[in-house]
Every structure is written in C-alpha cells, then in structure tokens.
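Notes follow once the structure below has been shown.
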Amino acid sequence: MRVIVENDYQSMSRKAALLLASQVNLKPNSVLGLATGSTPEGMYQELVEMYHRGEIDFSEVVTFNLDEYYKLPPENEESYHYYMQENFFKHVNLHPENTNIPRGMVEKVETECWYYEEKIRRAGGIDLQVLGIGSNGHIGFNEPGDRLNVTTKLVELTEETIESNSRFFDSLDKVPRKAISVGMATILKARRIILLASGKNKAEAIKKTINGYVDTRIPSSLLQTHPETTLIIDEEAASLL
Ligand code: GLP
C-alpha cells in the first residue's frame, strides 16, 4: 500500500485528478470505478478543468459507480445519479451509455445486482477504482460487520453512516436506510485503486486502514491485500499515522 500525504484538500484533489488523467491518457478506453461523497468533488472539478484545457478525453472511457441509495429516484438531488451528473458527467465528453450507476428504483433488486456485476465483467473489469472512505472505514457502502459482501448487493446502512450522511438531507428520517453497493471482491478485482481522504474525522479510519489487521469491521483494511493501492490523503487525515 502506497501512501501519498498532500498538504491540503486541494492538492489531494489535484494529485488524484493527475493519476486518473494518466490512466486515461495511457489507455483511452479505460474502465473507471467512480465514487461519490464530498471528498472526490475537488477531483471531479480538477478533471473538468483538465478536460476544458484539452488535457484529457473521455470519449472512449467507461465508468461504473460504486453505489446508489435504494428507492431514491435519480432526479432526487441527493441521489448519486444526480451527484454524478452535476459534478462530472454533464461537464465532460463521456458518452451517457458508457456511464453506469446501480439503479435504486428497480423492482427486482437481485437481478439488478447480478446485471451490474455482469456489465463490469463484460467491460473487461475495472482499470482504476477511485474510493472515498466513511469515518467507520466503509468503502462504497460496504459497512463494518462480521461479514462482507463479495459482489454487488442490497445493503443496510449503519446508524453511523445514516447520521453522517444526514448532512445532505433535510432531516435524519429522509436518509434512505438501504443502498445498492458493489461488493468487496468487485473493488479488490480492480487493477489499481486510489483512496482519497481529507480531514481529521477520517484520521482514525485511515490509521486502521493502514496499520491494523485485516478486519471485516474495518472494510477499508482489506485494501492491504491489494497489490496496487495508493492512498492520497491530506495532512489532517494522516495526523494519526
Ligand atoms: C458515502 C459513500 C462512500 C463515501 C463516503 C464518505 O457513504 N457511499 O462511497 O466514501 O460516503 O463520504 P464523504 O467523502 O462525504 O466523507
């Protein structure tokens, strides 16, 4: 596991964007795994600026997002569909048919999960996976527990995550209690992984990700088993290392 410590949020975002741009410039038809949350917003902004400067072309790129809330319509401003449109997709030349996000509104959720995995497989697997991290060490929506999902599944969110994500919703009871998330093996099969973290409230999770045992109660600790994982974190997130 490689750890890059940047001074602040902005340089973390810039570094992440540069790594992603290198991936796409080296392999224009890259398959990217994408994350949401407040952490990667700066990276998306940097990428949009690079695109406008002609430094990166997304016309052949395929993307798969990590997760989506269950039963939250895509037009809802807190859905990850909406987030991706606003923060990234609508600003660059990705073909809409090349962007994939689990569909939280489906009736047959098991079929959706199976189909999502199949689509990743048919695309040739993920070349570069971008991750954020929850303060409890979750990645995607793989929450701490005695066991973790291997593939894409409908998951129950923990109280800690619901509480933490309530900052984006009008009230706590508006936060969906379930989500569709790709599983741990789906993440660990990516050829490269970059995990971004910023701020003091991520310091404990980052310490446990790097220094601890591999433990399903800290899902991010499983990244220790992956040969090509780079953590890009700011000084605050690195403060307990
Ligand atoms: C959500 C997402 C995760 C993300 C996490 C951290 O729960 N499902 O993919 O990493 O939040 O979010 P933030 O970056 O806003 O701290």
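The numbers here are math on the coordinates, done by the rules we state, and not lab data. In this text the structure is predicted, and so the values were computed from the model without any measurement. Cβ coordinates were reconstructed from backbone atoms using ideal geometry, including for glycine residues, and neighbour counts include every protein chain displayed.
Data overview
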{"read-out": "Matching option when the condition is under 17 Å from the mean Cα position of the chain (by Cα), more than 15 Å from the ligand (Cβ to nearest atom), of a type outside the set (A, V, I, L, M) and in a helix (DSSP H, G or I), among Glu97, Glu112, Glu117", "value": "Glu117"}
{"read-out": "Count - residues of segment 155-200 that are within 24 Å of Val106 (Cβ to Cβ), surrounded by 17 or more Cβ atoms within 10 Å (Cβ to Cβ) and of a type in the set (Gly, Ala, Ser)", "value": "3"}
{"read-out": "Matching residues in segment 1-60 - criterion: being of a type in the set (A, V, I, L, M), buried (at least 22 other Cβ atoms within 10 Å of the Cβ) and touching a His at 6+ places or on another chain (Cβ under 9 Å)", "value": "Leu47"}
{"read-out": "Where a residue in segment 66-85 is of a type in the set (Gly, Ala, Ser) and its partner, wherever it lies, is more than 11 Å from the ligand (Cβ to nearest atom), with Cβ under 7 Å and at least six apart", "value": "Ser79/Leu72; Ser79/Pro73"}
{"read-out": "Residue in segment 142-150 that is without any contact (Cβ under 8 Å) to a residue 12 or more places away in the chain and not basic (Lys, Arg) present", "value": "no"}
{"read-out": "Among (1) under 25 Å from Glu236 (Cα atoms); (2) surrounded by fewer than 19 Cβ atoms within 10 Å (Cβ to Cβ) - the single one Ile133 does not satisfy", "value": "(2)"}
{"read-out": "Positions within segment 50-66 being within 16 Å of the ligand (Cβ to nearest atom) and of a type outside the set (Ser, Thr, Tyr), in sequence order", "value": "Phe64, Asn65, Leu66"}
{"read-out": "In segment 100-109, the residues that are over 15 Å from the mean Cα position of the chain (by Cα) and either surrounded by 14 or more Cβ atoms within 10 Å (Cβ to Cβ) or within 16 Å of the ligand (Cβ to nearest atom) (or both)", "value": "Arg103, Gly104, Met105, Val106, Val109"}
{"read-out": "Segment 202-217 - residue that is surrounded by fewer than 16 Cβ atoms within 10 Å (Cβ to Cβ) and not hydroxyl-bearing (Ser, Thr, Tyr) and, of those, farthest from Asn142 (Cα to Cα)", "value": "Asn211"}
{"read-out": "Any chance Met12 is within 16 Å of the ligand (Cβ to nearest atom) and more than 28 Å from Tyr116 (Cα to Cα)", "value": "yes"}
{"read-out": "Single unsatisfied condition, Asn93 versus (1) surrounded by fewer than 19 Cβ atoms within 10 Å (Cβ to Cβ); (2) over 25 Å from Ser59 (Cβ atoms)", "value": "(2)"}
{"read-out": "Top-ranked residue of segment 185-204 - restricted to ones that are among the polar types (S, T, N, Q) and in contact with a helix residue (DSSP H, G or I) (Cβ under 8 Å, 6 or more places away or on another chain), ranked as farthest from the ligand (Cβ to nearest atom)", "value": "Thr186"}
{"read-out": "Residues that are of a type in the set (Ser, Thr, Tyr) and within 13 Å of the ligand (Cβ to nearest atom), drawn from segment 130-184", "value": "Ser135, Thr158, Thr161, Ser164, Ser166, Ser181"}
